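**Q** Encoded as structure tokens, here's the structure I'll be asking about.
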């Protein structure tokens, strides 16, 4: 419970903060307080740490929204897909935006491009288009993103097998994995992306120098 | 005046007054308004606004269900019709620090989600003691906070950096930032209900839109000042800004402030979602890319005079603009009216709040000569907004986000003002 400050304490505070405040000013303050006609109030009961709101989700409710997969493979579901299966899914559900070879169409981004294989010149040249092959640092992101957000006109409609197959096709077209590689919850997290080693943690801070 | 014309005017004024749907508009007021415009040629839509010569001698319009802007003021987001991309906020049309809610910038990844508040819920799960689902009503039952903060897309000013054009307005340059008074419940309050398990270092926040936009957020930020905001400038969130609830991470890049938030999963390592790997990372000239660059650096922009304004004569002119920092309060904004050779401390108009747009103003006596004007923000950490040259040297031509270099406006001898990079 918050203790009420005495008028003496407040008076001292005024002296300290105000510096030049005289005791006379303090007396006037005290006098004004005694004349105050503010209605008396009780103290609010302290709000507990927990209000007990919310309810526990069912396993089914959680499964419906817990759709992410991380680099350790946590969240990747059972299922698998091949390059050939991926090519068929891509042609049917993706190519009309991204182009038949994932080369990008209009505002829809290019997905395929293994070059440049040496260096990482993106900071120097804005014209180099970032692709899965040359820029994405984690293979599991391909599954996570495709499965959560694609296709653009029907997000969430792909089966795990279709998403694995698209990962297999996209990673092979980007020359990250061979065409005979099968993607599943075990193999996908093991795929090493070429750009992985180029990412560094934010070193900006306040103050100087500019980073 | 023909009847047709009268109807057209009546309709135009009715729409302008927000009285669509057959609401009654005083016939007398309309006729009087129409007469004041009498003699003008039959105007095709859109009509120029018409006002009586003396509004103090004619009855005014009746009130409407919502207040409307004067038809003489037409601030607008641009471009519109965007489902994946950005609509920029008209910074040049604002005074003070608060962005009108309907003019808050928008960035969508698959359109504006339409969500029934009665069916909305926020789930907090993962490395927690008690996974919980909160309805919107329940979120509102917790003690609330109300805080003024900017949200800025970290891609703001990419076009101005990569492909600057003289004919860029403040909106074109930096329109992906907005400032609002947000109300909601602290995430830390909700985490007291769920508890947290050891090992919860990050949290995946995910939207309920068609992009299911997801970002990993460090737990210390969530516990510090993160808000589940359900109100903006005194009313429920506008739909494009995340109705009925969004995450607000003061000072962090806008992309992380997940709109239409549907779940927060406490996790032991970052998820490495698309928007924290392939996007929202900053390639640098040394062949690396900076990741998890969450904080928005200090920045300022003069919003007047700016293109397409024109200084009509030499004399005193206010140089006004906005400054903000993701690291705290703005402590100083310097203005140069001689191309950066000398700088003068401007007035911070106030309120000066941490992690919020701050209005600055500098009275300038223009001598009628061509020059360029600039502003330079400094925040409470001593961070100084860098020059364009410094920015280019450190970040490189290809860097992708966090474009906060000093902006320049070129004032020509005839008073016209153009963007100078």
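The values are calculated or read from the model by the stated rules, or taken from the named source; none is laboratory data. Predicted model, so just to flag it, every value in this text is computed and none were measured. Here the Cβ is made from the backbone with ideal geometry for all residues, glycine too, and neighbour counts use every protein chain on show.
**Q** Tally time: how many residues in segment A:66-79 are touching a residue at least 24 places away in the same chain (Cβ under 8 Å) and surrounded by fewer than 18 Cβ atoms within 10 Å (Cβ to Cβ)?
**A** Counting residues in segment A:66-79 that are touching a residue at least 24 places away in the same chain (Cβ under 8 Å) and surrounded by fewer than 18 Cβ atoms within 10 Å (Cβ to Cβ) gives 6.
**Q** Are any of the residues in segment B:359-382 part of a helix (DSSP H, G or I) and under 20 Å from residue B:159 (Cα atoms)? I'd like the intermediate steps shown before the answer.
**A** Applying the first criterion (part of a helix (DSSP H, G or I)) to segment B:359-382 yields none.
No, because not a single residue in segment B:359-382 is part of a helix (DSSP H, G or I) and under 20 Å from residue B:159 (Cα atoms).
**Q** Still on this structure, I have one more. Given the criteria over 22 Å from the mean Cα position of the chain (by Cα) and closer than 17 Å to residue B:106 by Cβ, does residue B:210 qualify?
**A** Here the answer is yes, as residue B:210 does meet what is asked.
**Q** Assuming residue B:270 fulfils every condition listed in (1) part of a loop (DSSP other than H, G, I, E, B); (2) touching a strand residue (DSSP E or B) at 6+ places or on another chain (Cβ under 7 Å); (3) crowded, with 22+ Cβ neighbours inside 10 Å; (4) within 13 Å of chain A (Cβ to nearest Cβ) apart from one, which condition is it?
**A** It is condition (3) that residue B:270 fails.
**Q** Look at residue B:402 and say whether it is more than 11 Å from chain A (Cβ to nearest Cβ) and surrounded by 18 or more Cβ atoms within 10 Å (Cβ to Cβ).
**A** When the stated conditions are applied, residue B:402 does not pass them.
**Q** Any chance you could count how many residues in segment B:119-159 are assigned to a loop (DSSP other than H, G, I, E, B), more than 9 Å from every other protein chain (Cβ to nearest Cβ) and surrounded by 19 or more Cβ atoms within 10 Å (Cβ to Cβ)?
**A** 8
**Q** Something else: Yes or no: residue A:169 more than 9 Å from chain B (Cβ to nearest Cβ) and either closer than 30 Å to residue B:113 by Cβ or in contact (Cβ under 8 Å) with a residue 40 or more places away in the chain (or both)?
**A** Yes, satisfied.
**Q** Shifting gears a bit: Scan segment A:39-54 and report the pairs whose first residue is farther than 28 Å from residue B:121 by Cα and more than 7 Å from chain B (Cβ to nearest Cβ) and whose second residue is loosely packed, with under 10 Cβ neighbours inside 10 Å and at pLDDT below 90, with Cβ atoms within less than 7 Å and a gap of 6+ or a chain change.
**A** These pairs meet every condition: A:43/A:1.
**Q** Let me ask something additional. Is there any pair linking a residue in segment B:294-311 that is free of Cβ contacts under 8 Å to residues at least 60 places away in the same chain to one that is in a strand (DSSP E or B), with Cβ under 8 Å and at least six apart or on different chains, and which?
**A** Close Cβ pairs satisfying both conditions: B:295/B:252.
**Q** Another one. Looking at segment B:287-318 only, could you name the residues that are in contact with a strand residue (DSSP E or B) (Cβ under 9 Å, 6 or more places away or on another chain), in a loop (DSSP other than H, G, I, E, B) and either crowded, with 24+ Cβ neighbours inside 10 Å or at the interface with chain A (Cβ under 9 Å from one of its Cβ atoms) (or both)?
**A** Once the filter is applied, which keeps residues that are in contact with a strand residue (DSSP E or B) (Cβ under 9 Å, 6 or more places away or on another chain), in a loop (DSSP other than H, G, I, E, B) and either crowded, with 24+ Cβ neighbours inside 10 Å or at the interface with chain A (Cβ under 9 Å from one of its Cβ atoms) (or both), segment B:287-318 yields B:288, B:292, B:293, B:294, B:296, B:297, B:298, B:306.
**Q** Scanning for something within 11 Å of chain B (Cβ to nearest Cβ) and assigned to a loop (DSSP other than H, G, I, E, B), does segment A:82-97 turn up at least one residue? Spell out how you get there, then give the answer.
**A** In the first step, residues of segment A:82-97 are kept if they are within 11 Å of chain B (Cβ to nearest Cβ); the result is A:97.
Subsequent filtering for residues that are assigned to a loop (DSSP other than H, G, I, E, B) retains none.
Checked segment A:82-97: no residue is within 11 Å of chain B (Cβ to nearest Cβ) and assigned to a loop (DSSP other than H, G, I, E, B).
**Q** Tell me, yes or no, whether segment A:119-140 has at least one residue that is more than 7 Å from every other protein chain (Cβ to nearest Cβ), within 24 Å of the chain's Cα centre (by Cα), within 24 Å of residue A:78 (Cα to Cα) and free of Cβ contacts under 8 Å to residues at least 12 places away in the same chain.
**A** Scanning segment A:119-140 turns up no residue that is more than 7 Å from every other protein chain (Cβ to nearest Cβ), within 24 Å of the chain's Cα centre (by Cα), within 24 Å of residue A:78 (Cα to Cα) and free of Cβ contacts under 8 Å to residues at least 12 places away in the same chain.
**Q** Another question about this same structure. Kindly provide the set of residues from segment B:254-263 that are within 11 Å of another protein chain (Cβ to nearest Cβ) and buried (at least 24 other Cβ atoms within 10 Å of the Cβ), ordered by number. Working first, answer last.
**A** To start, the set of residues in segment B:254-263 that are within 11 Å of another protein chain (Cβ to nearest Cβ) comprises B:262-263.
Within segment B:254-263, B:263 is the sole residue that qualifies.
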